Structures are given as C-alpha cells and as structure tokens.
1. If a residue must be under 15 Å from N182 (Cα atoms) and aliphatic (A, V, I, L, M), how many such residues does segment 354-375 contain?
2. In segment 300-339, what residues are basic (K, R) and either open to solvent by less than 50 Å² (accessible area, probe 1.4 Å) or free of Cβ contacts under 8 Å to residues at least 24 places away in the same chain (or both)?
3. With (1) assigned to a loop (DSSP other than H, G, I, E, B); (2) surrounded by 15 or more Cβ atoms within 10 Å (Cβ to Cβ); (3) out of contact with any His (no Cβ under 9 Å at 6 or more places or on another chain) as the list, and R218 as the residue in question, which single condition is left unmet?
4. Given the criteria charged (D, E, K, R) and more than 19 Å from S153 (Cα to Cα), does E51 qualify?
5. Restricting segment 19-31 to residues that are farther than 25 Å from T45 by Cβ and either β-branched (V, I, T) or touching a residue at least 12 places away in the same chain (Cβ under 8 Å) (or both), which is surrounded by the fewest Cβ atoms within 10 Å (Cβ to Cβ)?
6. Being within 16 Å of L212 (Cβ to Cβ) and part of a helix (DSSP H, G or I) is the filter; apply it to segment 347-388 and report the residue that is modelled with the lowest pLDDT.
7. Of all residues in segment 128-157, count the ones that are within 19 Å of Y380 (Cα to Cα), open to solvent by 10 Å² or more (accessible area, probe 1.4 Å) and touching a helix residue (DSSP H, G or I) at 6+ places or on another chain (Cβ under 6 Å).
8. Looking at (1) modelled with pLDDT of 95 or more; (2) under 21 Å from I161 (Cβ atoms); (3) crowded, with 16+ Cβ neighbours inside 10 Å, which is the one condition that is false for E79?
Amino acid sequence: MKVLTLDDFDLKGKTVFLRVDMNCPIDPDTMEISGTKRIEEAIETLKSLEEAKVVVASHQGRVGNKDYTGMDNHAKVLEKLMGKKIKYVEDVIGIAAQNEIKNLKNGEILLLDNLRLCAEENYEFTQQEAANTIMVSRLSKLFDLCVLDSFPSAHRSHPSIVGFPYVLPACAGRIVEREVRNLDEIMTVAKAPHVIVLGGSKVPDRLEAIKLLIQNGRADHVLLTGLIGNVFMRAQGRIRYPLGIKREDEVVSKAHALIGEYPDVFSTPVDIAIDKDGDRVEMDVRELEVGDKIYDLGPKTVEHYSKLIAGAGTVFISGPAGFFEKENFSFGTKGLLTSVANSMATTIVSGGHLTSALKRYGLAEQIDHISTAGGALVLYLTGERLPMIKALEEAATKYRSNS
C-alpha cells in the first residue's frame, strides 16, 4: 500500500488527531440519533489507539439542515459502545478544546464538537490552503500524529481531511486501510459489462460521477432509482410536473444532456409505487399525477433491472430504490439487492442505507465488498484520486524520505 497504517507507528503516549465519520441519521422530531452504525465503525481504530491520547473529530449534518447538531449524543453512544468514559467538549478550536487536549492522559479519549461549527470546515481547499486555516494552524501544534479514518468523506478537501496530513505525520485508520486494500484488489479484477445501480438523494454529486464513470469505461449500463431516477424521468418528459427539489432546473437539464450524449446507457423506471393514504399503489410512470409521491419501484422495473444485473461482470449499487424502511415500500430495494447478491459478477454495495438493508435481508455474506461510503466510493471507482487518499500518499512519501 502507498499509504501508512497504524502499524507503522509507535503509538504509546502519542497525542493523536483521529478524523472519523460519525455523521449519523438524526430523527428530525426528537433530534436523537436514529442509527449508530457510523459510530460503531470507529471502535476498531480507537481500540488500536488505546495506549495513546486520542482526540476524535467528526462533522454531523450540513449547516442549515435538520441533522446539523452538536456531538453530545454521539459522545454518549461512543461511551456506551467503548465501555469507558469519553470526554466531550462543546468546542472545536477555542481555548476550551485546546486545554482539554493538553490535559489528556494516556488511554483517554476526547470528542470535539461538530467540526462544521468551524466555518472553515464547510469549504474545500488545496492542501496548502487547508494547512494555513486557523483550525489546522491552532490545533496541529498539539498533536504528534494524524489518523484519517473517514472514508465516506474522502472526496472532500476540507481542512480536517487534507490540512492536518500536510503538516503532521499521517496514516490511514483501520476502515480506510481496509477500504483501500479491498477496492484496489476489486478494481484489478473488475470486468465488463459494468452495471451501475444508483439511487439516493444527493443528485448534483451523482450527476458529475455518472459522467466520469461512463467516460472511464466503468458504466456500460446505469440503472436509476430513487430521487435521481425521478430527475431523469423528468428530463425524459415522463414525469410532467416539478419535483420540488433544490436546483431542479439545473439538475434536470444536466440529466437531459447526459441522456442525449449517452442514449443507450441509461435505464429509468417503467412502473413505480406511490403512497395513497398509507397503502402501496402500483402504476405505470405515465399515470403519475401532480402531487403523487414515488415511494418505490414497481415489479416490471425490478424484473428488467434484475436481468441486466444477472448479465453483468461487475455490479456497483449505491442508494436505496425507495423508502425501504417502510415494509410496504421495501420491494424495490430488497429485489435489487437480492439480484446483486445472486449474480455471478464482482459486487460492490455502497452507503449506510444499503449496508443496513443488506443486514436486514441477510444478504451481506454474498457481497464481495460492502463500503460505508456513498459519494466517495462512486468517485473512487471513476479512477479519480480522492483528496484524502492523495493527502495520505503524500504524507507517506514525506515520512519515508525523512526516516
């Protein structure tokens, strides 16, 4: 591997900045954490650091969104999972945070507040610019080592991800180490036809990635579900009313341009299920009326997509096909995941939602690689160098030449 791992360092007594991704689903009514998977995933690396003084840092949500909260509940969950006291400070780069870091003893863990409370963490920078931010210049003096273990954020060039490894010795945590090793192995054996099944809600990011996947020979068929499927159906004129999403005109026109450029690549749903007073009602896409909310795929679409999946050499699926958490609307997500699990292809499943769906349906053992990341993994498969991986590789080169 081109990056360093925890095994390359003597960790005893070191003060470590550990960037993880504890960005959890938050119940908008109670503001409680509704899924702890991402916090659970931090445990393995934390256990490898038990002789060090560890400062854990993560973001939660986006500024202005309902899931943008402090990290006090995350600290409580982490404490329960680790079975030991977790210190928590309602601060990121101020005196309170700095004093807590300085006073840490071996084996102690401190969780900082939401990194995005610090304005700089909401912007993308070059590595050198990130290293010059107030966050990095203030905090880096307090650390001996930077450990990056937030693969779902690997495609972001935020200060906490690319700034610290520019000025400190840096290595991958256990999740990032495993992701990089597994994905490198998979990419060397991946063969055509490449079938990409995309759902989820982060449409602008997905559109950029789709184009790169097609251009780089990683997407022979793109099967669309979820919100991005609706955007493409709107671009095709098959949904004839506004979807009411952010930047709608822009994303619909980009989808329209992609269909024009690659007409044979895309498949969109032919039948769907809507919610009528709590009941599942299936219909042809052309029967949709203003106000109908699509909650799932219909059986004809699942059958058509499953045939394409069965003939694939490599299958990558990211994002659920509908509101699978409701039993009534789990048909599409369960059907597609079952087809992926039963296919003879090399299979990659991405994102937190699908990871929990796989467990729910007992299919996890039949998948070649399951990743916590969504957008980062899509970009990785395009062949793009992710900012976090690039930062780790450069830190490794610097460290090796100095030792």
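The values are calculated or read from the model by the stated rules, or taken from the named source; none is laboratory data. Just so we're clear, the structure is a prediction, and the values are computed from it rather than from any experiment. Because the Cβ atoms are built from the backbone with ideal geometry, glycine has one as well, and the counts that use them run over all protein chains shown. Accessible surface is based on the protein model in full, side chains and every heavy atom, while ligands, DNA and RNA are left aside. Shrake-Rupley method; radii C 1.70, N 1.55, O 1.52, S 1.80 Å.
1. 3
2. Step one: of segment 300-339, the residues basic (K, R) are 300, 307, 326, 334.
Result: K307, single match.
3. R218 satisfies every listed condition except (3).
4. Against the criterion (charged (D, E, K, R) and more than 19 Å from S153 (Cα to Cα)), E51 qualifies.
5. T30
6. Filtering segment 347-388 for residues that are within 16 Å of L212 (Cβ to Cβ) and part of a helix (DSSP H, G or I), the one modelled with the lowest pLDDT comes out as G375.
7. 3
8. Every listed condition holds for E79 apart from (2).
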